[in-house]
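Notes follow once the structure below has been shown.
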Amino acid sequence: MGVRIPYYHVDAFTARAFGGNPAGVCVLEEWLADDVLQKIAAENNLSETAFFTRLADGYHLRWFAPQMEVDLCGHATLATAHVLFSELGCQDPILRFHTRSGILTAARQGNVIELDFPSRPPVPCVAPDALLRGLGRPPLEVLRARDLVAVYASPGDVAALAPDMTLLEKLDCLGVIATAPGTDADFVSRFFAPRAGVPEDPATGSSHSSLIPFWSGRLGKTEMLSRQLSRRGGEFYCRLAGDRVGIGGRAVIFGRGELEITGATQS
């Protein structure tokens, strides 16, 4: 027996189609088996596909990259919130998501949606050899939280990186953040996650859980604008709030439809 799933393709952290980070959003009545969710994500071959079900006090939200389930994803959360607000008629001022990273919320602020995420300040660490060789350009310093953070002097240094993904894939972390102070923004970044099947992520919300506290400390600001220097680009309205961060962004619907999964099993 087949299952039909309402499906949306959303470009997140951008105000225009073909920009930002594309995410798949699947609206489930009940959970399918984990291996089916992973196969859907692999078939979509986007940085992440989000799956959610309704709960009495919000939504249960999960994120799958092409090769694994991830513990935190910003752009697919923003995409899910945008679908709920703009497509499914949700009138709640604040959405509550139950996730592997605890309760996350999303609030509408005009045409921007702000995500409330945990702050994950990075701490200095010894730079792994695979990181230095994989990036090909020595950073000024290296730190670590969930991801490794390589700090450079300028946006040009970050933009010029041409990483060796085979080497970065050997690192025992989800991803690598390259970052620098900005010129037309407070800071810039790029994000590489070959272990998850995402060589370069176009616009990464979860990396800002570490970038916001780091740059807040360096720049002496609690509100900042950041840009992701991928080919598609990404724009983030950033706010530090104690042990939480606000990650604001826009999103646009690119496609609406449904997935038909034959032989799917429920969890």
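For the chain, taking Cα atoms only, Rg and Dmax work out to 17.9, 57 Å respectively. Each of ILE261, ILE212 has some number of other Cβ atoms within 10 Å of its Cβ, and from fewest to most they run ILE261, ILE212. Under a Gaussian network description of the chain, with springs only between Cα atoms under 10 Å, the residue in GLY197, GLY217, GLY249 that fluctuates furthest is GLY217. Think of it as helices only: each DSSP H run of n ≥ 4 in the chain is worth -39500 (n - 2.57), and spread over all residues that comes to -5500 deg cm²/dmol at 222 nm. Dimensions of region 123-248 along the principal axes, based on C-alpha atoms and rounded to the nearest Å, stand at 36, 28, 26, largest first. Packing here is the average count of other Cβ atoms within 10 Å per residue, and on that basis the peptides 46-52, 63-69, highest first, run 46-52, 63-69.
Averaging over all projection directions, the Cα-based convex hull of region 50-89 occupies 3.1 nm² in the image plane. Amide hydrogen proximity for GLY233: with H placed 1.01 Å from N in the peptide plane, the residues at 5 or more positions away or on another chain lying under 5 Å are GLY20.
Relative to one another, the C-alpha centroids of region 150-222 and region 9-61 are positioned 23 Å apart.
Since every read-out is calculated from the coordinates, none of them should be taken as a lab result. Keep in mind that this is a model prediction, so the values were computed, not measured. Neighbour counts run over all protein chains shown; Cβ positions are idealised from the backbone, glycine included.
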